[in-house]
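Down below is the structure, laid out as structure tokens.
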Amino acid sequence: MKLAFEIAWRFLKFSKKQTALIIIGIAVGVTVQVFIGLLMQGLQANIVQSTVGNSAQITVKPSETGKYIANYDEVMKEIRTVDGVKNVSHVIEFPAFLRLSNSDYSVFLRGFDFEEAEGIYRFSEKLISGNFPVEKNELLIGKDLSDKYGLNLNSEISLIVPPVVFLPRTFRVSGIYDFKNSTLNETWVLMKDNALVEIGLKGDVASTIEMQVDEIFMADKISSDVKDVIKNDDLTVSDWKSKNAELLSALNGQTVSSLLIQVFVIASVAITIASILAVSVMNKYKQVGILKAMGIDNSKTFLIFLFQGLILGIAGSIIGMALGVSLLVSFETFVKTPDGQPLVPISFDPLFLSISIAIATISASLASILPSRKAAKLDPVEVIKNG
Amino acid sequence: MVDSVVNTFALEKIYGTSIKTHALKGIDINIKKGTFNAIIGQSGSGKSTLLNMIGALDKPTKGYIEIDGERTDKMNAKQLAELRNKKIGFIFQFHYLLPEFSAIENILIPHRISNPKVSGETHQFALELLDAVNLKNEMNKNITKLSGGQQQRVAIVRALLNKPSIILADEPTGNLDSENTEIIYKLMRRFNKKFGITFIIVTHDRNVAQMTDRIIEIKDGLVNMDMEKTA
């Protein structure tokens, strides 16, 4: 075994240019594979994060429209016992009209315990001016609503809440938020939950209980766990996956196409190795014949060329990984969005990198099997006779 | 035939399928232990074919060979490899050393094939042999840096290292000048006497053959002459 490895090593060292060429070939393949793989992972994580990362991933609502959850505190307590659930919060909400110079505009009032809901919505990051509401007559409006109707900090506005009639009080804009989503920015008007409870005249209730999960793609499983825990047929539990079937199928499509590209890249690397090693066996035809005349057996001859594939695979994949990671770091550093954030935030998943190295190394070794068998079967007398 | 190291029995070799070449037509020879033999014959007479079959590199079409009393046709590939490694040493016209290794590394390869580690004793023996062929100072040089005569001496040492029963030499001086030819023959003779190793040398040079104990002439695939020198 040691001799076979040493001979393999010497063969590679002796043909330095050829060895360098093969290693570069493998490295380029692995670079492409790592680059595409991690870019796609980053892209998907980014899409998922921007789509559902800063919103509720599981919601609990009354099954019947127009109903509310009266004992929401207890239900929330039960939900918090479920594994994988985080940032549980409640919201009270109903539609309203914003009255501006005798015209009414439709909005959606949402009442939060801002501290409790911070985990899901990250309000503190979204607040672009002013402060959170402190008094019951204070509210937050979105950037687009502010721009559209010329509303600013401390602007006073009136609200009409059906079926409640015109509210006698006026409200003050205490802050402006930006969710980077024009629909939400235009329609959501945020208040303290207890302020909204007074307006709604329904008592201390919640319209929805919202939560996030540790593993975003486990939301459907955790959602059924939540259902089992609350054991209430009057409440409906739903998760983001069931509401975003199209997004999921797009993500799956992207995963499959990314995988296919990676498979083709690795396959072409393997074929290249196999053909170059086949040429290498031809080049070492004489040496194999000499070794066989000296009594090296077929299995050791096989090992010599298998080790060559293994050494080339390990060297090529490590260099390829380093190149791929450097390329991604440059990509992350230089390709930015207008606000200075990386266009695609990349996470250098060690598992993905280890798997890439393992696959490239195994492919290189498998690719060397055919030439190795050819070498093992070589008849020494052919070499001796033909010189 | 206790003292025989090689016995061939009605050895025949036919090459080709559509156009057949009858290289050997029935060779019966026995080679005694510790002797120094020459196989001569013209180009294409079948002498190298015979040597390759004795060395278990090639298989006879008919007949069989015994090496140290064991039939080689009954052995599998692994046993044949082991036989070549332990009992046979080869010296070829073109030295056939590995260009990727130094002189001493080339010499140690046959030993390392069957032994994972080179013992101090073997290393010492290799050095003694290199000294005997006057190459101790060149032992760490890459084989490509040595002259033709030096390379052939390295090949002789390589063939000797495992202390085989037989050394098969196919035109070992065919590529060398007369001075080096003499050096090589003297060395082979010396090792034959010192270690009692049987030498079978294929040559077309009758002058070289004259220096051996026995001359076997192969002509048209048959033994044409078998002449033993009387002491």
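The values are calculated or read from the model by the stated rules, or taken from the named source; none is laboratory data. Owing to the predicted nature of the structure, the values given are computational and were not obtained by experimental measurement. Every residue, glycine among them, receives a Cβ derived from its backbone with ideal geometry; neighbour counts consider all protein chains shown.
Spot the failing condition for B:Gln79; the list is (1) within 12 Å of chain A (Cβ to nearest Cβ); (2) under 15 Å from B:Lys163 (Cα atoms); (3) free of Cβ contacts under 8 Å to residues at least 24 places away in the same chain, and only one is missed. Here B:Gln79 clears every test but (2). Per this entry, A:Leu235 is not counted among residues that are closer than 28 Å to A:Gln33 by Cα, in contact (Cβ under 8 Å) with a residue 60 or more places away in the chain, away from chain B (no Cβ under 14 Å) and aliphatic (A, V, I, L, M).
One residue alone among A:Gly340, A:Gly313 is on the phi < 0 side of the Ramachandran plot and either touching a residue at least 12 places away in the same chain (Cβ under 8 Å) or out of contact with any helix residue (DSSP H, G or I) (no Cβ under 9 Å at 6 or more places or on another chain) (or both), and that residue is A:Gly313.
List the helices (runs of 4 or more DSSP H) that sit entirely inside the stretch A:71-140 and contain at least 1 residues that are crowded, with 18+ Cβ neighbours inside 10 Å, of a type in the set (Gly, Ala, Ser) and touching a residue at least 24 places away in the same chain (Cβ under 8 Å). Output list reads A:114-121.
Find the residue count for the stretch A:3-22, including only residues that are of a type outside the set (Gly, Ala, Ser) and more than 10 Å from chain B (Cβ to nearest Cβ). First the steps, then the outcome.
We begin by selecting, within the stretch A:3-22, every residue of a type outside the set (Gly, Ala, Ser); these are A:3, A:5-7, A:9-14, A:16-19, A:21-22.
Of the ones still in play, those that are also more than 10 Å from chain B (Cβ to nearest Cβ) are A:5, A:16-19, A:21-22.
Number of matching residues: 7.
For the stretch B:5-34, the candidate set comprises residues that are touching a residue at least 40 places away in the same chain (Cβ under 8 Å) and of a type in the set (S, T, N, Q); within that set, the residue that is nearest to B:Thr49 (Cα to Cα) is B:Thr8.
The combined condition, being over 33 Å from the mean Cα position of the chain (by Cα), surrounded by fewer than 22 Cβ atoms within 10 Å (Cβ to Cβ) and small (Gly, Ala, Ser), is not fulfilled by A:Ser368. Screening A:Leu260, A:Leu235 for residues that are at pLDDT 85 or above and within 30 Å of A:Ile311 (Cβ to Cβ) leaves exactly one candidate, A:Leu260. When each of B:Arg158, B:Arg84, B:Arg112, B:Arg153 is tested for being more than 12 Å from chain A (Cβ to nearest Cβ), among the basic types (Lys, Arg) and either within 24 Å of B:Ile14 (Cα to Cα) or out of contact with any Phe, Trp or Tyr (no Cβ under 6 Å at 6 or more places or on another chain) (or both), the lone residue that passes is B:Arg153. Among the criteria (1) in contact with a Lys or Arg (Cβ under 9 Å, 6 or more places away or on another chain); (2) surrounded by fewer than 18 Cβ atoms within 10 Å (Cβ to Cβ); (3) touching a residue at least 40 places away in the same chain (Cβ under 8 Å); (4) assigned to a helix (DSSP H, G or I), the one A:Leu248 does not fulfil is (3). Inside the stretch A:267-303, residues that are away from every other protein chain (no Cβ under 11 Å) and either under 46 Å from the mean Cα position of the chain (by Cα) or outside any helix (DSSP H, G or I) (or both) make up a count of 17. Residues that are buried (at least 19 other Cβ atoms within 10 Å of the Cβ) and either basic (Lys, Arg) or within 14 Å of the chain's Cα centre (by Cα) (or both) number at least 2 in the following strands (runs of 3 or more DSSP E) confined to the stretch B:8-124: B:36-40, B:88-91.
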